[in-house]
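**Student:** Okay, handing you the structure first.
The values are calculated or read from the model by the stated rules, or taken from the named source; none is laboratory data. All figures in this text were calculated on a predicted structure; none of them were measured in a lab. Cβ coordinates were reconstructed from backbone atoms using ideal geometry, including for glycine residues, and neighbour counts include every protein chain displayed. Side chains included, ligands, DNA and RNA excluded: accessible areas come from the protein's heavy atoms. Shrake-Rupley method; radii C 1.70, N 1.55, O 1.52, S 1.80 Å.
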Amino acid sequence: MTTLLASWRDPGKVAIEAAWAAREEGASLVASLEQGLAAAELDPNLVAIGLGALPNADGELELDASIMDGCDLSAGAVCGLRGIVPAISVARRVMEATPHLMIAGEQARRFAISQGFHPRNLMTAESVRRYDEWLKMPAEAERRYVHSTEESHDTVTVLGLESERHVAAASSTSGLAWKMPGRVGDSPIIGAGIYADDEIGAAGATGWGEELWKAMASFRTVEFMRQGMGAQAACEATVRHMLRRQPHSRDMACVAFALRADGDFGAATTHAEFPLWICRDGSFELRVFEALKS
Ligand code: SD4
């Protein structure tokens, strides 16, 4: 049995379907998660991650991605990667071809090129149009702090489990739309955006990266499960902790979701709704989680 989870309605659907297709063709769990995210990054019609996503305040795409294998906690990540897709595949190369955990910015781009990736322009006509529209918004201060809207989510986080109690996690993002150039969020940070440990399970985060990172949301959720909590209770405990300790976390969605090594899963959000895709051996379901009250 293979179980896959993917965040957010439209980009999550592309990612989970491609991850399952890879799995059916015999890909390993880690390769399936990578291929799922790569498909979403390479889809120019998805305004979400990779090609055609929403850029930073300078109109440039800076991508963050990470991947983690629960068998031995190996992991790889890139942040601030420009002009290369799929960022998730570069993160996997960091994990497999270097002794390091994360490579940043221009050096991540050089590393990708040395590994055979080809630089390209990641802006599409639609992302240029959306950027121009944002630039026309009146006050500079107002513009800077308008984050992505609820419907244009810019991250896909995926978790996977195969029957031998083996878990993996991966995330790819263009970061918050119109972010300050150089800003890095939670998604490429091991423990914040993703975490996977075969002893317990995997967890992922999505939403407001600054708040999720302060909470170390993914590691915290896995550790709650280590203490014996079910996946749903662990996600709620993480979100409640954030609501209590980080009052701003209710202003924008901060989501934790988890997949325990026995197949139990759950999700919780501080704000609005969180749609989560679930695939169990090719049977797909979309579940929507409402914001926690307190
Ligand atoms: C970030 N956590 O860069 C990401 C954004 C996100 O759906 O998850 N959007 O802060």
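**Student:** Which of (1) more than 10 Å from the ligand (Cβ to nearest atom); (2) at pLDDT 95 or above; (3) more than 28 Å from Arg23 (Cβ to Cβ); (4) part of a loop (DSSP other than H, G, I, E, B) does Lys214 not meet, given it meets every other one?
**Tutor:** (4)
**Student:** Filter segment 147-206 down to residues that are in a strand (DSSP E or B) and more than 23 Å from Pro275 (Cβ to Cβ) and give me whichever is nearest to the chain's Cα centre (by Cα). Even if it seems obvious, please write down each step before you answer.
**Tutor:** Applying the first criterion (in a strand (DSSP E or B)) to segment 147-206 yields 155-162, 166-173, 190, 194-197, 201-206.
Of the ones still in play, those that are also more than 23 Å from Pro275 (Cβ to Cβ) are 162, 166, 190, 197.
Working: Glu162: 20, His166: 20, Ile190: 11, Asp197: 17 Å.
Looking at the filtered set, the residue picked out is Ile190.
**Student:** Same structure again: Can you go through Met252, Met242 and tell me which one is hydrophobic (A, V, I, L, M, F, W, C), within 25 Å of Trp178 (Cβ to Cβ) and modelled with pLDDT under 95?
**Tutor:** On the way: Met242 fails: modelled with pLDDT under 95.
Checking each option against the conditions leaves just Met252.
**Student:** For segment 180-209, what are the residues that are more than 7 Å from the ligand (Cβ to nearest atom) and open to solvent by 10 Å² or more (accessible area, probe 1.4 Å)?
**Tutor:** Result: Met180, Pro181, Gly182, Arg183, Val184, Ile189, Ile190, Tyr195, Asp197, Asp198, Glu199, Ile200.
**Student:** Enumerate the strands (runs of 3 or more DSSP E) found wholly within segment 1-108, keeping only those where 3 or more residues are more than 25 Å from Ile200 (Cα to Cα). Before the answer, list the steps.
**Tutor:** On the way: elements: 2-7, 63-69, 74-81, 102-104.
The qualifying strands (runs of 3 or more DSSP E) are 74-81.
**Student:** For the list (1) under 19 Å from the mean Cα position of the chain (by Cα); (2) away from the ligand (no atom under 16 Å from the Cβ); (3) over 17 Å from Val167 (Cα atoms); (4) of a type in the set (D, E, K, R), I need the number of the one condition that Arg244 fails.
**Tutor:** For Arg244, the exception is condition (1).
**Student:** I need a count of the residues in segment 165-179 that are away from the ligand (no atom under 13 Å from the Cβ) and in contact with a strand residue (DSSP E or B) (Cβ under 7 Å, 6 or more places away or on another chain).
**Tutor:** The initial filter retains those residues of segment 165-179 that are away from the ligand (no atom under 13 Å from the Cβ), namely 165-170.
Then drop every residue that is not in contact with a strand residue (DSSP E or B) (Cβ under 7 Å, 6 or more places away or on another chain), which leaves 167-170.
So the answer is 4.
**Student:** Right, next: Which one is nearest to Ser127 (Cα to Cα) among residues in segment 56-74 that are hydrophobic (A, V, I, L, M, F, W, C) and surrounded by fewer than 23 Cβ atoms within 10 Å (Cβ to Cβ)?
**Tutor:** Looking only at segment 56-74, we keep the residues that are hydrophobic (A, V, I, L, M, F, W, C), and these are 57, 61, 63, 65, 67-68, 71, 73.
Imposing the further condition that a residue be surrounded by fewer than 23 Cβ atoms within 10 Å (Cβ to Cβ) reduces the set to 57, 71, 73.
Working: Ala57: 12, Cys71: 38, Leu73: 36 Å.
Once the filter is applied, the top-ranked residue is Ala57.
**Student:** If the requirement is being under 16 Å from the mean Cα position of the chain (by Cα) and open to solvent by less than 10 Å² (accessible area, probe 1.4 Å), which of these qualifies: Ala22, Ala40, Ala18? Walk me through how you get there before you give the answer.
**Tutor:** Details: Ala22 fails: under 16 Å from the mean Cα position of the chain (by Cα); Ala18 fails: open to solvent by less than 10 Å² (accessible area, probe 1.4 Å).
The conditions single out Ala40.
**Student:** Would you please name the residue that is least open to solvent (accessible area, probe 1.4 Å), looking only at residues in segment 210-252 that are charged (D, E, K, R) and over 21 Å from Ser66 (Cβ atoms)? If you could, list the steps in order and put the result at the bottom.
**Tutor:** Residues of segment 210-252 that are charged (D, E, K, R), as a first pass: 210-211, 214, 220, 223, 226, 236, 240, 244-245, 250-251.
From what is left, the residues that are over 21 Å from Ser66 (Cβ atoms) are 236, 240, 244-245, 250-251.
Details: Glu236: 49, Arg240: 100, Arg244: 165, Arg245: 152, Arg250: 108, Asp251: 92 Å².
Looking at the filtered set, the residue picked out is Glu236.
**Student:** Starting from segment 249-268, take each residue that is at positive phi and more than 13 Å from the ligand (Cβ to nearest atom) and list its partners that are open to solvent by 30 Å² or more (accessible area, probe 1.4 Å) and in a loop (DSSP other than H, G, I, E, B), counting only C-beta distances under 9 angstrom and pairs at least six apart or across chains.
**Tutor:** Qualifying pairs under 9 Å: Gly263/Met1; Gly263/Ser163.
**Student:** Which condition does Trp213 not pass, out of (1) over 27 Å from Met1 (Cα atoms); (2) touching a Phe, Trp or Tyr at 6+ places or on another chain (Cβ under 7 Å), if it passes all the others?
**Tutor:** (2)
**Student:** Checking Ala75 against (1) out of contact with any Cys (no Cβ under 9 Å at 6 or more places or on another chain); (2) within 20 Å of Ile278 (Cβ to Cβ), only one condition comes out false. Which one?
**Tutor:** (2)
**Student:** Something else about it: I'd like to know if segment 42-65 contains one or more residues that are touching a Phe, Trp or Tyr at 6+ places or on another chain (Cβ under 6 Å) and within 16 Å of the ligand (Cβ to nearest atom). Before you say what the answer is, go through the steps one by one.
**Tutor:** Within segment 42-65, the subset touching a Phe, Trp or Tyr at 6+ places or on another chain (Cβ under 6 Å) is 55, 57, 59.
With the extra rule that they be within 16 Å of the ligand (Cβ to nearest atom), the set shrinks to 55, 57.
Yes: segment 42-65 contains one or more residues that are touching a Phe, Trp or Tyr at 6+ places or on another chain (Cβ under 6 Å) and within 16 Å of the ligand (Cβ to nearest atom).
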